[in-house]
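J.: Please read through the structure below; I'll follow up with questions.
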Amino acid sequence: VSDEAARFDVLVVGGGPAGAKAAVQAAKAGRRVGLVEREAHIGGECVHRGTIPSKTLRETASCLSGLRKRSGGLLGLDAGVGVEVDSLMTRLKSVLAHEERYLADQLARNGIEQLTGVARFRSPSTLEVVRRAGGKTLVQAGIVVIATGSRPRSPASVPVDHEHVLDSDSILSLRYLPRSLVVLGGGVIACEFASIFAALGTEVTLVEKRDRPLGFLDRSLTDRFVAAFESDGGRFLAGASVESVRWDGMSRVVTRLADGSVLCSEKLLCALGRVANVAALDLAAAGLALDERGLVPVDEHYRTAVPHVYAVGDVIGPPALAATGMSQGRLAVRHALGLESEGAPEVIPIGIYTIPEIASVGESERQVTDRLGGAIVGRAQFDEIARAHINGSTDGLLELVCDPEGRRVLGAQAIGEGACDLVHLAQLAIHAGLEVDAFLENVFNFPTLAEAYRVAALDVGGRRARLGGSRAA
Ligand SMILES: Cc1cc2nc3c(=O)[nH]c(=O)nc-3n(C[C@H](O)[C@H](O)[C@H](O)COP(=O)(O)OP(=O)(O)OC[C@H]3O[C@@H](n4cnc5c(N)ncnc54)[C@H](O)[C@@H]3O)c2cc1C
């Protein structure tokens, strides 16, 4: 350990989206900033193992699935079992190169000093960095931001070997597309990979202990997701508990369920949640403890129990998305530096890149009903939208959730290609406190999926009129 500790105004640990944005925000405020990242490249799970690689594979899967639908099933368009997974992600290298270059330029432009190594607390203001290149450095900082992210959780009953039994990191390093895949879990990552591999032609069984996947969404969307997944050849096993998983040493992964049934598959993906990356940090040396879920507890300003230590991104738990992590990084630093801030955004969209896409923003029908005693929901079936007929996504749906008078837009949910982009129009309407009629007073391009807002707004208007009529009667 070098005797002289490097001193920073702000030290960020973790170079994923949350940490990178925290560092940039601090540098823009004129502070001396250090960013510690244990990997050779910055970008975190988002760039190297999660969001970007999975979405690159999804793009190919979604094109195949879309072409199949647009051809009315005439073209047998599977990627084909045994195809090299690399060949389905040909754009990944250039996408990664672009992201890495962009992030490196941004850090350099803002004068952020990068330390490549593993950081751990020695005291609340002093950290030791075990350098990747060898040696250790002591670092002191007035403000510390923990942004160390998360990693896949592997329960003891699922022996992940990264060759036959995979997690969300290792599935993207598969060499060949497997003939069959069992996916454990019913959350976002499980459903995304299950639908991607089904669309590519793998025989996929999604095993979930609850009665439906993505249980935080309304049933109107999850039922459609299951129907779309099954029409792409997938199988959804509801209410199924896994007793054991083992590789038979020859060719199959054998999954035994609590009801005695057995599933055999070439590969298995374990997607049963994530745990915070904190083991290397020695949080106790900073005077910090984890909560009962293994997450770093923070207040509404992302400040931990130690006032000059903040935590942002996946390490603090849900929603655990790249976009929310970035926003938390910026807000935490603004608070720590006493800069003016608009505060945490109230309306956060959730985008799920299954095939088809699913997105939601604001309140659901159930939440509005619980809060206000009722809700009016306008629906647009994509079957009514010309663009959906053109792109073969007629099984999509947009729901606009309004107050019990059918005036203010309070939430929206959508399923169908383009849903993750589409939902931002509702997000702005909610943020601006717009009335649903705004969708009728404005002209949208034709043919677009955004036309669904007009159809859903008309549906709200119709329900409002019927409600007015029944009240008058
Ligand atoms: C398969 C998959 C698909 C996903 N898809 C999406 C999506 O479509 N949209 C979306 O918004 N989100 C998606 N996510 C989630 C998204 O990737 C994460 O929410 C995001 O990466 C979290 O950012 P972060 O900065 O908190 O952590 P990370 O991105 O995990 O970065 C943390 C960094 O800290 C470093 N680190 C850890 N410990 C130390 C230490 N002691 N010292 C130094 N460095 C350390 C790690 O090496 C890592 O680079 C997906 C995730 C997965 C796994």
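J.: Between A108 and L467, what's the calculated FRET efficiency when r is the beta-carbon distance and R0 is 60 Å? Round to 0.05.
T.: 0.55
J.: Add +1 for every Lys or Arg and -1 for every Asp or Glu among the other residues with Cβ under 15 Å from the Cβ of R219, and state the total.
T.: Residues close to R219 contribute a combined charge of -1.
J.: Rounded to the nearest 20 Debye, what is the dipole magnitude of the chain about its Cα centre when Lys and Arg each give +1 and Asp and Glu each give -1 at the C-beta?
T.: With Lys and Arg at +1 and Asp and Glu at -1, about 440 debye.
J.: Same structure again: List the relative contact order of the range 112-184 as a percent without decimals, with contacts defined as Cα pairs under 8 Å and 6+ residues apart.
T.: Taking the mean separation of contacting Cα pairs over the length of the range 112-184, I get 15 percent.
J.: Do you know the relative contact order of the range 278-351, to the nearest whole percent, from alpha carbon pairs under 8 angstrom that are 6+ apart?
T.: Relative contact order here is 20 percent.
J.: Moving to a separate point now. Going Cα to Cα from K93, which lysines come in below 20 Å? Please leave out same-chain ones fewer than 8 positions away.
T.: Reachable lysines: K55.
J.: Further, regarding this structure: What ranking, highest mean first, results for peptides 86-99, 203-216 when packing means the other Cβ atoms within 10 Å averaged over each residue?
T.: Averaged packing, sorted descending, gives the order 203-216, 86-99.
J.: Would you mind telling me the antiparallel percentage of the DSSP bridges in the chain, rounded to 5?
T.: Roughly 60 percent of the beta bridges in the chain run antiparallel, per DSSP.
J.: For the range 331-400, what is the convex hull (Cα atoms) projected area averaged across all directions, in square nanometres?
T.: Approximately 7.6 nm², given one-decimal rounding.
J.: Can you find, among G149, V160, F121, the residue farthest towards the positive end of the dipole of the range 102-165? Put +1 on the C-beta of Lys and Arg, -1 on that of Asp and Glu.
T.: Value: F121.
J.: Let me ask another. Per 10 Å bin, what is the whole-percent P(r) computed from every C-alpha pair distance within the range 406-445?
T.: The calculated distribution, bin by bin, is 29, 54, 17.
J.: Here is a follow-up. Quick check for me: using +1 on Lys/Arg Cβ and -1 on Asp/Glu Cβ, what's the dipole size of the range 206-357 about its Cα centre, in debye to the nearest 20?
T.: Here the range 206-357 has a charge dipole of around 380 debye.
J.: In the range 103-130, whose amide N lies under 15 Å from the spot 7 Å out along Cα-to-Cβ of A305? List them in ranges.
T.: 124
J.: What ranking, highest mean first, results for peptides 371-382, 127-138 when packing means the other Cβ atoms within 10 Å averaged over each residue?
T.: Put in order of decreasing packing, that is 371-382, 127-138.
J.: Just to confirm a number: summing +1 for Lys and Arg and -1 for Asp and Glu over residues other than R120 whose beta-carbon lies under 15 angstrom from that of R120, what do you get?
T.: +2
J.: As an exercise, use a Förster radius of 41 Å and the Cβ-Cβ distance of Y176 and E405 to find the FRET efficiency, rounded to the nearest 0.05.
T.: 0.10
J.: Pop the C-beta distance of H41 and H162 into the FRET formula with R0 = 25 Å and round what comes out to the nearest 0.05.
T.: After rounding to 0.05, the efficiency reads 0.80.
J.: Continuing with this model, one more query. Using only the Cα atoms of the range 374-444, what semi-axes does the equivalent ellipsoid have when each is the square root of 5 times a gyration tensor eigenvalue? Give whole Å, largest first.
T.: Listed largest to smallest, the semi-axes of the range 374-444 are 22, 12, 11 Å.
J.: Taking a quarter of the surface of the convex hull around the Cα atoms of the range 284-365, what do you get in nm²?
T.: With the hull built on Cα positions only, its mean projection is 7.0 nm².
J.: Tell me the relative contact order for the range 228-375 as a rounded percent, counting alpha carbon contacts under 8 Å between residues six or more apart.
T.: Result for the range 228-375 is 11 percent.
J.: For the range 317-357, which GluC sites (Glu not before Pro) are both in a DSSP coil and crowded by at most 13 other Cβ atoms within 10 Å?
T.: When the GluC sites (Glu not before Pro) of the range 317-357 are filtered for loop state and at most 13 Cβ neighbours within 10 Å, E340, E342, E346 remain.
J.: Where in the range 320-359 is the amide nitrogen less than 12 Å from a point lying 7 Å along the Cα-to-Cβ axis of F216?
T.: 320-322, 324, 348-352
J.: Using the crude model of +1 on Lys and Arg Cβ and -1 on Asp and Glu Cβ, and no other charge, please compute the dipole size for the range 204-264 relative to its Cα centre, in debye to 20.
T.: Around 120 debye, computed over the range 204-264.
J.: Using the C-alpha atoms of the range 187-233, what convex hull volume per residue, in cubic angstrom, is computed?
T.: Hull volume normalised by residue count: 62 Å³.
J.: How long are the three semi-axes of the equivalent ellipsoid for the chain, computed from the Cα gyration tensor as the root of 5 times each eigenvalue, in whole Å, largest first?
T.: After diagonalising the Cα gyration tensor, the semi-axes are 39, 31, 21 Å.
J.: Then there is this: With the calculation restricted to Cα positions, what are the radius of gyration and Dmax of the range 353-473 in angstrom?
T.: 13.9, 46
J.: If you scale each eigenvalue of the Cα gyration tensor by 5 and take the root, what three semi-axes come out for the range 228-316, rounded to whole angstrom and sorted largest first?
T.: 40, 17, 12
J.: Taking the Cα centre of the chain as the origin and placing charges on Cβ (Lys, Arg +1; Asp, Glu -1), which of A432, L96, I196 is farthest toward the positive end of the dipole?
T.: Of the candidates, L96 comes out farthest on the positive side.
J.: Quick one: 3J(HN,Hα) in Hz for the range 228-235, Karplus 6.51/-1.76/1.60 with θ = phi - 60°, rounded, Gly and Pro as x.
T.: Once θ is set to phi - 60°, the couplings for the range 228-235 become 5, 4, 6, 6, 8, x, x, 10 Hz.
J.: So if I take the centroid of the Cα atoms in the range 440-472 and the same for the range 272-302, what is the distance between those two points in Å?
T.: That distance is 46 Å.
J.: Positive end of the dipole of the range 263-348, charges at C-beta (+1 Lys, Arg; -1 Asp, Glu), about the Cα centre: which of V275, A332, I316 has its Cα farthest in that direction?
T.: V275
J.: Distance between the C-alpha centers of the range 418-433 and the range 1-58? Whole Å please.
T.: That distance is 30 Å.
Only the coordinates and a few stated rules stand behind these numbers; no lab work does. What you are looking at is a predicted structure, and each value in this text was computed from that prediction instead of being measured. Here the Cβ is made from the backbone with ideal geometry for all residues, glycine too, and neighbour counts use every protein chain on show.
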